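What follows is a set of notes on a single structure, which appears directly below.
The values are calculated or read from the model by the stated rules, or taken from the named source; none is laboratory data. Because the structure is predicted, anything quoted here is derived from the model rather than measured. Here the Cβ is made from the backbone with ideal geometry for all residues, glycine too, and neighbour counts use every protein chain on show.
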Amino acid sequence: MATTNRKPRSRAANGHSSQTANGDLSVRPNGATQPGRNDAALANNEGVKSSDNIVNLLFCAGGIYASFLTWGILQERITTTDYGTGNNREVFNYPVVMNTVQSAFAALVGYLSVLFSRQQAGDLPIYPSRAITWPLLLIAVTGALSSPFGYASLQHVDYITFILAKSCKLVPVMFLHVTLYRKKYPFYKYAVVALVTTGVAIFTLHNSSSKKKKTGAEGSSLYGLMLLGINLLFDGLTNSTQDDINARFRSYTGQQMMCAVNIMSTCITIAYLFLSPYIAQTGVGHYVGMDLTKSAGELQDALAFMQRHPAVGWDILGFAFSGALGQVFIFRTLSIFGSLRLVTITVTRKMLTMILSVLWFGHRLTRMQWFGVGLVFGGVGVEAWLGKREKAAKEAAKQAAKEAAEKQR
């Protein structure tokens, strides 16, 4: 994946120069994302064989599932283990500290990956131009703010509403692609998104454990739905902007983006940790769901907790490592297949984990859950089949045009 910084400029059809140097902006007439340039199997290597794409997809999906399964187990262990003694219950409940450690670790892993991919000292700069800095900062800000708005919404919406909304992440991603970045999709992709979203929602809503985990509010208020909508909007902005960067900055790799975004995210969360004691004293802290009992601030309370219970520090390091490894696969998937395929993998991860649990422990799925599974895999299968036909038709048309041009000679 290594590239060099010295590549020639090419002249675009409109007369503007299109610089393909690493990380520089490829100028187009309207400045919009070029439709289809980073769709599945078209991202940075249109000539890759279908078999290679399938292997890449299985490799990336397997890496995401394995990494985030471990990540989820460690997260649950850290946040539910009682480190106290007797009646003095002590549970580590400092999510921003955990996210800060993870983003710092991911930035380090991303930078090491960039170093190993370089052929020369100047190759693969983390921030190759000023033009790319702003969309990267947008990703960092929306990524950092998304989770707090989601957690805050749980205080005002019931759990069923929350998980149903989170099952529909494909919808805001596609909506922002179309409206904000003017990207066009064939009709079958809209149908596939509808099938997968419906299937995941049905499977999740009919999961028996969902009825036991109603930890949110008993009802859904308009304010809570607004917070949840902001959470989904930020998720969609994150993924659609990542796709736009891949389309506009053709030589910018997944490792570079992973390192750059996590450096920015770490700076944002560190600033929040130092400012949180002052924010909590204002009215803003109450409305965004901050824990007002942490008068000393989350950072100091977390450090004091780890001093009392050093074992939690090792769990946090494992959590950060598995999350960073998962991000390696996420950014690889993003750069090769695009955000729609990535979000399809991530929203179905929980469902596939449940299915594996059912098979392993001999549990049973309800009929509606099997119906949801059928919709998801049916939608993915239809997309693969239609996508293959579409690609074959394009190749046939390209070959026919080539033969026609040769005859005219």
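The table for this structure:
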quantity: Scan of the range 314-361 for residues that are modelled with pLDDT of 75 or more, part of a helix (DSSP H, G or I), farther than 30 Å from Gly84 by Cβ and not hydrophobic (A, V, I, L, M, F, W, C), ordered by number; calculated: Gly326, Gln327, Arg332, Thr333, Ser335, Ser339, Arg341, Thr344, Thr346
quantity: Per-region count, the range 118-147, residues of a type outside the set (A, V, I, L, M, F, W, C), over 16 Å from the mean Cα position of the chain (by Cα) and part of a helix (DSSP H, G or I); calculated: 2
quantity: Residues (of a type in the set (A, V, I, L, M) and at pLDDT 80 or above) located in the range 189-200; calculated: Ala191, Val192, Val193, Ala194, Leu195, Val196
quantity: Residue in the range 159-172 that is farther than 30 Å from Met264 by Cβ and either of a type in the set (S, T, N, Q) or not in a helix (DSSP H, G or I) (or both) present; calculated: yes
quantity: Cross-chain or 6+ apart pairs with Cβ under 8 Å, the range 389-409 first and acidic (Asp, Glu), then outside any helix (DSSP H, G or I); calculated: Glu390/Pro186
quantity: Residues satisfying the stated conditions in the range 173-194, i.e. buried (at least 22 other Cβ atoms within 10 Å of the Cβ) and either under 15 Å from the mean Cα position of the chain (by Cα) or assigned to a helix (DSSP H, G or I) (or both); calculated: Val173, Met174, Leu176, His177, Val192, Val193
quantity: Index of the failed condition, Ser147 passing every other in (1) over 28 Å from Gln102 (Cα atoms); (2) surrounded by fewer than 17 Cβ atoms within 10 Å (Cβ to Cβ); (3) modelled with pLDDT under 80; calculated: (1)
quantity: Residue match in the range 162-171 (condition: in contact (Cβ under 8 Å) with a residue 60 or more places away in the chain and under 21 Å from Val261 (Cα atoms)); calculated: yes
quantity: Single residue of the range 85-117 satisfying the filter (assigned to a helix (DSSP H, G or I) and among the aromatic types (Phe, Trp, Tyr)) that is nearest to Gln327 (Cα to Cα); calculated: Phe105
quantity: Helices (runs of 4 or more DSSP H) wholly inside the range 204-313 that include at least 2 residues being surrounded by 14 or more Cβ atoms within 10 Å (Cβ to Cβ) and at pLDDT below 85; calculated: 222-248, 254-280
quantity: Qualifying residue in the range 156-171 (condition: surrounded by fewer than 21 Cβ atoms within 10 Å (Cβ to Cβ) and at pLDDT 80 or above); calculated: yes
quantity: Close pairs (7 angstrom Cβ cut-off, 6 or more residues apart or separate chains): under 15 Å from Val312 (Cα atoms) in the range 68-90, part of a loop (DSSP other than H, G, I, E, B) and of a type in the set (Ser, Thr, Tyr) anywhere; calculated: Glu90/Tyr83
